[in-house]
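Data block below; observations after.
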Amino acid sequence: MQISKIIILALISFQLFTQLSVQAQAWTGGKGKGFVKLSAGSMSGSSYFEEDGNRRSGLYDSLALSNYTFDFSGTLMTLESEYGLNDELIIFSSMPLIAYTLTEKFVTDSIGNRPIRKQLSRTLLSWFGIGTRYRLYSGPLNATITGEFRLPAYTGIPNDPAEEFLGGGSKEGIIGLQIGIPFEKSWLELHGSLSLRDKNWNDRFFIHAEAGFSSVEKTALKFFVDIQQPLGAQRDLPEFEIRKIYPAEFFTSAGASFTVNLPDGLTFEAMYNLRLLGTNAWSIGTVMLSAGYAF
C-alpha cells in the first residue's frame, strides 16, 4: 500500500510539470493572465470535537488535582500566485506561514485567579505548494482537473513524544476535479479532491461546494461548505492530544466571503468560516482578509 502511494505521488509530481489548487475556481483565466494574492488573518478555538462528535472544552490535571481550559489560536499569512501558460493550463503556488499559540489555564482558584498551566507557541511555514489546473471542458458547464504537490517545512510523526507542541508535517500529493455552472450573475461550483500523505498520516478526501452571486458590478458574494474526511482505519490512532497535530481529522465547516474588484486589477476579499461538527478535530473559526493584483 505504501509503495502504491509513493508511485502515485511520483506521478503527480511529474504531471505538475507536464500538463496537469484545490482552492482554484472551476474555470481558467487564459494565456498570460494570472494574479498574486496576500492573505492575513487569524483562527481560534477553545474546544475540540471528541471521537463521538461531542465538544470538549476542559481537561483534568491529575497532579494539580484541578480542571483546566485551553485556547488554541493561530495568526495566518498566505502568499498565493497563479499564471496561465495557455488558455487551458494554469500553474499556481501557495505558501502559508502560521504562528500557533496554545494557552492552558486552571479553573478559578479560591481567590478568583486563573493560573496559567502552560503556554506554548510555534511559528512555521506549513508547506510550499505548487500545482497545475487543466481545463477539460468549457461551456454551459465548466470542468477542470488539478494536481498539486505540497512539501512541508518540517516532517515527522504526528504525535512525536519528543515534540512538546505540534509535531511533524506530511508531504502531500493532491488530485482533484472541479465542476462549475455559471449563470448570468451567479454560479455554482463543486470541488472534490484526494490528498495522499505519508505513512504516519491518514489520506483524506475534501469536498468544497459554493454558491456565488455577482449582482452588483465588480463585487462577488460567496457562501460555501467544506468537508474533510480521513480515509482508512482509525482504531490504531492515538487519542486526540491538544498539543499535537492530529493525523485524521474529520470536520464540516461553513462560511462566506465578499470580494471587491477595483480598477487596475486590484482586489480585496474578506472571508469567515466556522467548523460546525467533526471528530478528533479542533472546533475553530477563521477570519481572513486578502489583497490581490490580477493581470
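Bear in mind these aren't lab numbers, they're just calculated from the coordinates by the rules spelled out. From a predicted model like this one, the values you see are computed outputs, not experimental measurements. Note that each Cβ is placed from the backbone with ideal geometry, even for glycine, and that neighbours are counted across all protein chains shown.
Overview of results
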| read-out | value |
| --- | --- |
| Most to least packed among 58-71, 90-103 [average Cβ atoms within 10 Å] | 90-103, 58-71 |
| Reachable aspartates and glutamates from LYS31, criterion Cα separation under 17 angstrom, eight or more residues apart if same chain | GLU82, ASP87, GLU88 |
| Nonlocal amide H pairs with ILE157, under 5 Å, H built at 1.01 Å | GLY168 |
| For ARG56, ARG197, order by how many other beta-carbon atoms lie within 10 Å, fewest first | ARG56, ARG197 |
| For the range 76-84, 3J(HN,Hα) per residue [Karplus equation, 6.51 cos²θ - 1.76 cosθ + 1.60, θ = phi - 60°, Hz, x = Gly/Pro] | 10, 8, 10, 10, 10, 8, 8, 8, x |
| Under 11 Å, Cβ to Cβ, from VAL36 - net charge with Lys/Arg +1 and Asp/Glu -1 | -1 |
| Nearby lysines by direct alpha-carbon distance to LYS105 (threshold 24 angstrom, same-chain neighbours under 8 apart not counted) | LYS118, LYS244 |
| Span from the the range 143-177 Cα centroid across to the the range 218-249 one, whole angstrom | 13 Å |
| J(HN,Hα) series, the range 107-121, from Karplus relation 6.51 cos²θ - 1.76 cosθ + 1.60, nearest Hz, glycine and proline x | 5, 4, 7, 5, 10, x, 7, 10, x, 7, 7, 6, 10, 10, 8 |
| Leading residue at positive end of dipole, the chain (Cβ point charges), from MET95, GLY255, SER73 | MET95 |
| Nonlocal amide H pairs with GLU241, under 5 Å, H built at 1.01 Å | none |
| For the range 33-39, 3J(HN,Hα) per residue [Karplus equation, 6.51 cos²θ - 1.76 cosθ + 1.60, θ = phi - 60°, Hz, x = Gly/Pro] | 9, x, 7, 10, 9, 10, 10 |
